[in-house]
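**Q** Here it is: the structure, laid out below.
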Amino acid sequence: MNSYLPKATHVAVREGKILGVGNLDQLSGWGEHSLNTRFADKVLMPGFVEGHCHAPEGQIWDHTYLGYFERYDPEGNLHPKLENMDNVLERLRHVDENMDDDDAPLFAWGFDPIYYNSERMTVKDLDSVSKTRCIIIMHTSGHLLNVNSLVLERAGIDSSTDVHGIFKDEEGKPTGELISMATHYIIQKVAGMPFFNSMDSRGLWRFSAIARRAGVTTATDLAASFDRDTLAAYREVTSKKEFPLRIVPAMRIQEMPIQEGIEKIKELVQSNSEKLHFGLCKIIADGSIQGYTARLKWPGYFKSSHEGAWYVPPETLIKMIDAYHSESIQLHIHTNGDEATEVTIGAIESALSNKPHSDHRHTLQHCQMAEEAHFRRMAKLGICANLFANHIFYWGDQHLEQTMGPDRAVRMDAAATAKRNGVNFSIHSDAPVTPLGPLFTAWCAANRQTASGRILGEHEKISVEDALRAITIGAAYTLKLDHLLGSIESGKFADFAVLEENPYEIPQEYLKDVKVWGTIHSGIPYPAE
Ligand SMILES: [Zn+2]
């Protein structure tokens, strides 16, 4: 990613930074040195940068994984895929039987009925696992919960409860499916809700273990509440010499008064260190496409009459963007649907006319349904895109068949169009929504293959070179850290992804299979031996 020296045999490191790049002879000019040949048969790339993930990927593994796809936990154990609802219930039964404390609630996550022909899970299903232990399941999207009858009983939810977001069957009885903040709050009070807890140090260490295994040396925590415990945990781990990750947290600002948010982020930036970079603020404008909560322009969803949801009403969104922008604070804004993208571009355009800024780097996160006209405006206005390339594999089939239809599905996460129009872009996993793994994400953008094996949008494929740029210097650019990391260049941090194979020398369909040995962070190899 170093334009002057795209390839080299040696790199010199001093005090955690890159001293020089070249061959041994050239680098020897720096004086006395020790030569480390440990990685002579490996390939060093700049450490990967995950521009959109969430640190709870570390602690969510304290709870049972219920995903349709197999997945590795922070300790490297593989959790096999659950192919149908029976498999899901079997795993829950197994966990229930092996829990020591009979009164402890069973929490599980990663469930997504869209893979089971949208068959709904009910109270009856979960009661067949246990009627004496509270069971709470969070769907992959994070927006829906399923609970058993004991939880409903303790929460006082029955046929007569009139709270928005309680699903009921034909007889008016609650099905155990709950979908609103109001219902989640009730459940949190009676059974707890560990998914929304603040981060602790142990969770961040586990997050760093997942990152190391994926070659990631810098990762965002892209919508944290910045409560006292979370801030203390960030500081604690990043002050440790042996913590192998730079964290770039973004403050979730939509629930805060604007002035308070502006003051808080300005104060936090003062305490930035080499491994902890405050500065970003995050707004979530709309919902998710597979949950039918993304805001779409006409003609809307393909096989549904849902209208989508604004998580922030457009008037408020426009006001917030203008206020933060006028203080030169960088915004990362989640926009999934094309209407949300359009409104946000308009809001940034008007904020820019109120206060010009030549290098704001506001970034549209996900930006999945942007059309070419949007990318043209984004390029003009200096707006970056961080595209959700993993979506193509995980939900591409569902988008083609159910949510978007064949024509609009092919333009999802349009990396080739972004590049052609000169938009600075990155690609991401949104872990824990999909697993952290930039090489897999790059594979998605280069191959655009869905889980069923179809190619979704031949014309939006990008080259391996561009995909690898997107997970290194491209992501660093969206975080305003490209002067410090993202390429192997003199003066930058000595952060490397250590690979067993050269991703430039294999057929691009194998990009996801390149083995990651580990990372080197600030010049220190992980794992150590
Ligand atoms: Zn996210």
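The values are calculated or read from the model by the stated rules, or taken from the named source; none is laboratory data. Only a predicted model underlies this, so the values are computations on that prediction, with no experimental measurement involved. Positions of Cβ are generated from backbone atoms using ideal geometry, with glycine treated the same way; all protein chains shown enter the neighbour counts.
**Q** Taking into account only those residues within the stretch 263-314 that are in contact with a helix residue (DSSP H, G or I) (Cβ under 7 Å, 6 or more places away or on another chain) and basic (K, R), which is surrounded by the fewest Cβ atoms within 10 Å (Cβ to Cβ)?
**A** K303
**Q** Moving to a separate point now. Taking the stretch 371-392 as the search range and keeping residues that are hydrophobic (A, V, I, L, M, F, W, C), surrounded by 22 or more Cβ atoms within 10 Å (Cβ to Cβ) and over 16 Å from S288 (Cβ atoms), which one is nearest to the chain's Cα centre (by Cα)?
**A** Here the answer is A385.
**Q** List the residue pairs whose Cβ atoms are under 7 Å apart, where the first residue sits in the stretch 362-381 and is in the same structural domain as N336 (by TED's automatic domain parsing), the second is aromatic (F, W, Y) and buried (at least 24 other Cβ atoms within 10 Å of the Cβ), and the two are 6 or more positions apart or on different chains.
**A** Partner pairs satisfying both residue conditions: H366/F388; Q368/F388.
**Q** Would you check if there is a residue in the stretch 6-14 being within 20 Å of the chain's Cα centre (by Cα) and part of a loop (DSSP other than H, G, I, E, B)?
**A** no
**Q** Please determine, by comparing only the residues of the stretch 490-513 that are under 18 Å from R246 (Cα atoms) and not hydrophobic (A, V, I, L, M, F, W, C), which one is surrounded by the fewest Cβ atoms within 10 Å (Cβ to Cβ).
**A** Looking at the filtered set, the residue picked out is G491.
**Q** Something else now. Considering each of A232, A209, A224 in turn, give the residue that is more than 16 Å from the ligand (Cβ to nearest atom) and in contact with a Ser or Thr (Cβ under 9 Å, 6 or more places away or on another chain).
**A** The unique qualifying residue is A232.
Residue-by-condition table, conditions (1) in contact with a Phe, Trp or Tyr (Cβ under 8 Å, 6 or more places away or on another chain); (2) surrounded by 15 or more Cβ atoms within 10 Å (Cβ to Cβ); (3) farther than 23 Å from F196 by Cβ:
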| position | (1), (2), (3) |
| --- | --- |
| E97 | no, no, yes |
| D112 | yes, yes, no |
| L145 | no, yes, no |
| I157 | no, yes, no |
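**Q** Further, regarding this structure: Can you tell me which of (1) surrounded by fewer than 17 Cβ atoms within 10 Å (Cβ to Cβ); (2) closer than 21 Å to R71 by Cβ is the one A232 doesn't meet?
**A** That leaves (2) as the condition not met.
**Q** Return the only residue of T519, T441, T434, T472 being out of contact with any Leu (no Cβ under 8 Å at 6 or more places or on another chain) and part of a strand (DSSP E or B).
**A** Exactly one residue qualifies, and that residue is T519.
**Q** Which one of K297, K303, K275, K266 is under 19 Å from G396 (Cα atoms) and of a type in the set (K, R)?
**A** Matching residue, one of K297, K303, K275, K266: K303.
Every residue, every condition in (1) surrounded by fewer than 23 Cβ atoms within 10 Å (Cβ to Cβ); (2) among the hydrophobic types (A, V, I, L, M, F, W, C); (3) within 16 Å of the ligand (Cβ to nearest atom), yes or no:
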site	(1), (2), (3)
L24	yes, yes, no
W30	yes, yes, no
H33	yes, no, no
P46	no, no, no
H52	no, no, yes
A55	no, yes, yes
D62	yes, no, no
L66	no, yes, no
E70	yes, no, no
